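Below you'll find the structure, written out as structure tokens, and then a few comments.
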Amino acid sequence: MNKNLKYSLIVLFSIVVIIIGIGFFIHNNGLSNIVFKEPAYPQFAIGRGIDEVLSPEEMKEDLLQLKKDLEEVHPKTIEGLSDEMLKAFEAANEIIKEPMTVSDFTIVASELACMLEDAHTAVRGFYSLDLSLPMAIKVIDDTFYVLEGKDLEPKDKIISFGGVPIKEIYEKSQKRIPSENIYWTNYNFEKYALLQSTLTQMGAEINNKKIDVVVNRNGENITVEMKFGDVYFKPINESQSTKTYKTYPQDTAYNPQFLYHLDMDNSLCHFVLKSCDNSAEYRHFLQIMFEDIQKNNIKSIVADVRQNTGGNSSVLDEFLKYVDVDKYASYGSLRRLSQQGSEQRGYVKTKGTMSNPPGLRMNNKMKDFLFDGDIYVLIDNGTFSSGNWFGVIISDSEIGTIVGEPSGNAPTSYGDILSFQLKNSKLMYFVSYSQWIRPNEAKRYEDALYPDFQVRYTIDDYLNKKDLAMEKVLELINDSNQ
């Protein structure tokens, strides 16, 4: 045999062996869905007007598209849609046998998506000109209070909007607001119920953007005419305005997403994280904050993730680098692979799943500015997604104490969304393709992250701007010092 040919065959054989070996490695290590190409991010058209009329044929095609994506993408439907959902789609096809506005069709589609009980999976209207009533409300024990608003008084109890009882609006909204618990439903209802699109869908009487709002004030029902899009004066929270918070970089101080305040009297750092963005600015901010904590010998950190609706969960990993713990709990995951996921995320495989069990993660600790004091995490009904993740890992790792109200997100939940648009109605919709599994097995399937110390607010607490969660933290710190 020719030496050159023999050499070529040896090289070719070696290449084949290497390729086979790499293939076995990828398969055996669950890496078959590794990103191998540039994802094709979908392009979306401008939404249609809410009063535009859709034909039965258009809506039927849209429902088929929605059904297909829910069935092929979501982890909960690996075995197919439930009998309940299949019957709901059949019922929906009966409803759409007559022409319907985009607004009304939104209700049909969103109620179907909400049946998955996943707060990330949703159908949303594309209402660029949607307006809200000039007021703020709070749901407390099935009572709907006014916090503030134009021509209204704090503590007014809402009776109806445009002739439709508020309790009827609330009951219908529970089928249309994607959620995993009542806390997230209430948190969103307080905004959702004030939108012109919502109240139009509910059958409220609206004329020239004006609507009659009936409230109960001191036992007497009063009718107030309000206009969507009007503005009103919002009172300043005096308890917050007296504090000096440091931000980074300073030119974003108008609406900073991360800030801190040192309470020297109580030796605590109040760290506020409004959203989860693991940016270079955030990482620099943490270094400045922990350096300041060490320099001032601060004993406690209060990490405030109230109203934090998520982003990138790695913000917690960056935070924990400055905490003197060797390892901490780590979420497990189940990712469902699909053709849609392959297109939008670049995965090789288009079928099957990839899973990782919950476990422990080694902490890549910083050498400087390590903190070994007490950590408290403040949460509320608006703590969601990566904001909720922050509290769950602190809790399950027994690194800190959770204080406040139940979170708006189940600790074991769905996420990582793919984005779509219905062909005819142009409605946007989002479908989760991952399930995140809580480390703590005993509490794995609770419907919320429940605080170690839970507080309950009355309407007077809200109106007086009381911070019961922070008051509870100060009480715990004082008790530990005695």
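The values are calculated or read from the model by the stated rules, or taken from the named source; none is laboratory data. Note that the structure is predicted; figures quoted are calculated from it, not measured. Note that we place each Cβ from the backbone using ideal geometry, even for glycine, and neighbour counts take in every protein chain shown.
Things to note:
- Verdict on SER14 being in a helix (DSSP H, G or I), modelled with pLDDT under 95 and either loosely packed, with under 13 Cβ neighbours inside 10 Å or in contact with a Gly (Cβ under 9 Å, 6 or more places away or on another chain) (or both): yes
- Among (1) part of a strand (DSSP E or B); (2) under 27 Å from PRO451 (Cα atoms), the one test that ARG335 misses: (2)
- Flag for ASP130 being in contact (Cβ under 8 Å) with a residue 24 or more places away in the chain, closer than 30 Å to ASN221 by Cα and in the same structural domain as ARG217 (by TED's automatic domain parsing): no
- Inside the stretch 311-330, residues that are touching an Asp or Glu at 6+ places or on another chain (Cβ under 9 Å), closer than 19 Å to TYR414 by Cβ and not in a strand (DSSP E or B) make up a count of 1.
- Within the stretch 349-362, not a single residue is on the phi < 0 side of the Ramachandran plot, of a type outside the set (Gly, Ala, Ser) and surrounded by 19 or more Cβ atoms within 10 Å (Cβ to Cβ).
- Residues that are more than 29 Å from the chain's Cα centre (by Cα) and hydrophobic (A, V, I, L, M, F, W, C), drawn from the stretch 151-203: LEU152, ILE159, VAL164
Yes/no per residue for (1) crowded, with 20+ Cβ neighbours inside 10 Å; (2) closer than 19 Å to ALA122 by Cβ:
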site: LEU334; (1), (2): no, no
site: ASP368; (1), (2): no, no
site: PHE384; (1), (2): yes, yes
site: ASP416; (1), (2): no, yes
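- Every residue from the stretch 40-68 that is of a type outside the set (D, E, K, R), over 26 Å from the mean Cα position of the chain (by Cα) and outside any loop (DSSP other than H, G, I, E, B): VAL53, LEU54, PRO56, MET59, LEU64
- Criterion applied to GLN257, GLN287, GLN294 was being over 20 Å from LYS472 (Cβ atoms), surrounded by fewer than 21 Cβ atoms within 10 Å (Cβ to Cβ) and at pLDDT below 95, and the one residue passing it is GLN257.
- Selected residue (criterion: farthest from PHE430 (Cα to Cα)) from residues of the stretch 179-192 that are touching a residue at least 24 places away in the same chain (Cβ under 8 Å) and in contact with a helix residue (DSSP H, G or I) (Cβ under 6 Å, 6 or more places away or on another chain): PHE189
- Here ILE169, ILE140 are screened, and the one residue that is hydrophobic (A, V, I, L, M, F, W, C), surrounded by fewer than 16 Cβ atoms within 10 Å (Cβ to Cβ) and under 30 Å from PRO411 (Cα atoms) is ILE140.
- Cβ-Cβ under 9 Å pairs, at least 6 apart or on other chains, the stretch 300-321 side at negative phi, far side assigned to a helix (DSSP H, G or I) and at pLDDT below 95: SER300/SER480
- You will find that of SER313, SER267, SER300, the residue that is more than 26 Å from the chain's Cα centre (by Cα), crowded, with 20+ Cβ neighbours inside 10 Å and hydroxyl-bearing (Ser, Thr, Tyr) is SER300 and no other.
- Scanning the stretch 414-431 for residues that are touching a strand residue (DSSP E or B) at 6+ places or on another chain (Cβ under 9 Å) and either free of Cβ contacts under 8 Å to residues at least 60 places away in the same chain or among the charged types (D, E, K, R) (or both) gives a single hit, ASP416.
- So GLY408, is it outside the structural domain of ASN181 (by TED's automatic domain parsing), buried (at least 24 other Cβ atoms within 10 Å of the Cβ) and assigned to a helix (DSSP H, G or I): no
- Boolean, LYS426 is in contact with a Lys or Arg (Cβ under 7 Å, 6 or more places away or on another chain) and either outside any helix (DSSP H, G or I) or among the hydrophobic types (A, V, I, L, M, F, W, C) (or both): yes
- From the list SER407, SER397, SER413, the lone residue that is more than 21 Å from the chain's Cα centre (by Cα), under 21 Å from ASN312 (Cα atoms) and not β-branched (Val, Ile, Thr) is SER397.
- In the stretch 101-117, the residue that is surrounded by the most Cβ atoms within 10 Å (Cβ to Cβ) out of those that are of a type in the set (Asp, Glu) and assigned to a helix (DSSP H, G or I) is ASP104.
- Residues that are in contact (Cβ under 8 Å) with a residue 12 or more places away in the chain, over 20 Å from LEU427 (Cα atoms) and in contact with a Lys or Arg (Cβ under 8 Å, 6 or more places away or on another chain) occur in the stretch 77-88; there is at least one.
- Residue within the stretch 436-458 that is at pLDDT 95 or above, buried (at least 21 other Cβ atoms within 10 Å of the Cβ), part of a strand (DSSP E or B) and touching a helix residue (DSSP H, G or I) at 6+ places or on another chain (Cβ under 8 Å) present: yes
- Residue selected from the stretch 205-227 under the condition surrounded by 14 or more Cβ atoms within 10 Å (Cβ to Cβ) and either at pLDDT below 95 or touching a helix residue (DSSP H, G or I) at 6+ places or on another chain (Cβ under 8 Å) (or both), by the criterion nearest to LEU133 (Cα to Cα): ILE211
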